[in-house]
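Presented below is the structure to which this report refers.
The values are calculated or read from the model by the stated rules, or taken from the named source; none is laboratory data. Because the structure is a prediction, the values reported are computed rather than measured. Neighbour counts run over all protein chains shown; Cβ positions are idealised from the backbone, glycine included.
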Amino acid sequence: MIVSLVRRLAGQPRRFAAAVCVGLALLCSLHVLRPRPPAGRLVWVIAHDLPGGAPLTAHDVKAERLPLPAVPRGALLVRERVVGRLVAAPMRAGEPVTDVRLLEPSLLAALRQPGLVAVPIRLADGSAAAALTRAGDLVDVLGTANDDGGSGTARGPTTRVIAAGLTVLAVPARDAGSDDGAGLVVVAATSAQAARLADAATTTRLSLALLRR
């Protein structure tokens, strides 16, 4: 049937040429009207909800092409290594992985200053204060205690700076159904600062003051 149609059109050159021109014009118009796919970038996104403070595994992330307007600043491309790095704070499924959301496998590996230790501190104002703090923030740790001046008569609470200018390394997620991790923050401190923090934790209520970098 197709062969006979071609033979009939071949016998009528003008109709054959017109049909070819119409077909080419139709194809060109379809190509013009077809929307071009938006430019995108292949980045890592979180495959399922994750708590903070845990290292990423291959099952925790997936590659996804996002349109350029949806790619956040610092998004990690699929060619960059993410498996094994620590999640600094809780992340939701589908959230793009950015450089500020991950730490190196060692909490202190990203810090250039030698001699620092990672110190977990529990804040008196609990998870509400920890929710305002992110990895990379610069903070002062404050201690509040009742001061009796040695007289045995309370004069009211006094607050002092226990350690100044500490970098927040991680804010572990609170474990649902328990108070584990509530108000817990991990900071980088010198050995002397770590000792002061440990002493203050037994006698004072600790809180944070966020500093501007």
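For the range 116-143, how many residues are β-branched (V, I, T) and either at pLDDT below 90 or not in a strand (DSSP E or B) (or both)? So that I can check it myself, show each step before the final result.
Taking the range 116-143 first, the residues β-branched (V, I, T) are 117, 119, 121, 133, 139, 141.
Restricting the remaining residues to those that are either at pLDDT below 90 or not in a strand (DSSP E or B) (or both) gives 117, 119, 121, 133.
Looking only at that region, the number is 4.
Checking R73 against (1) under 30 Å from A118 (Cα atoms); (2) at pLDDT below 60, which test does it fail?
Condition not satisfied by R73: (2).
Looking for something modelled with pLDDT under 90 and part of a loop (DSSP other than H, G, I, E, B) - is there at least one such residue anywhere in the range 93-101?
No, the range 93-101 contains no residue that is modelled with pLDDT under 90 and part of a loop (DSSP other than H, G, I, E, B).
Please go through the range 28-53 and give me each residue that is surrounded by 12 or more Cβ atoms within 10 Å (Cβ to Cβ), at pLDDT 70 or above and touching a strand residue (DSSP E or B) at 6+ places or on another chain (Cβ under 9 Å), ordered by number. Spell out how you get there, then give the answer.
Taking the range 28-53 and keeping what is surrounded by 12 or more Cβ atoms within 10 Å (Cβ to Cβ), we get 40-53.
If we keep only those that are at pLDDT 70 or above too, we end up with 40-51.
Once the filter is applied, which keeps residues that are surrounded by 12 or more Cβ atoms within 10 Å (Cβ to Cβ), at pLDDT 70 or above and touching a strand residue (DSSP E or B) at 6+ places or on another chain (Cβ under 9 Å), the range 28-53 yields G40, R41, L42, V43, W44, V45, I46, A47, D49, L50, P51.
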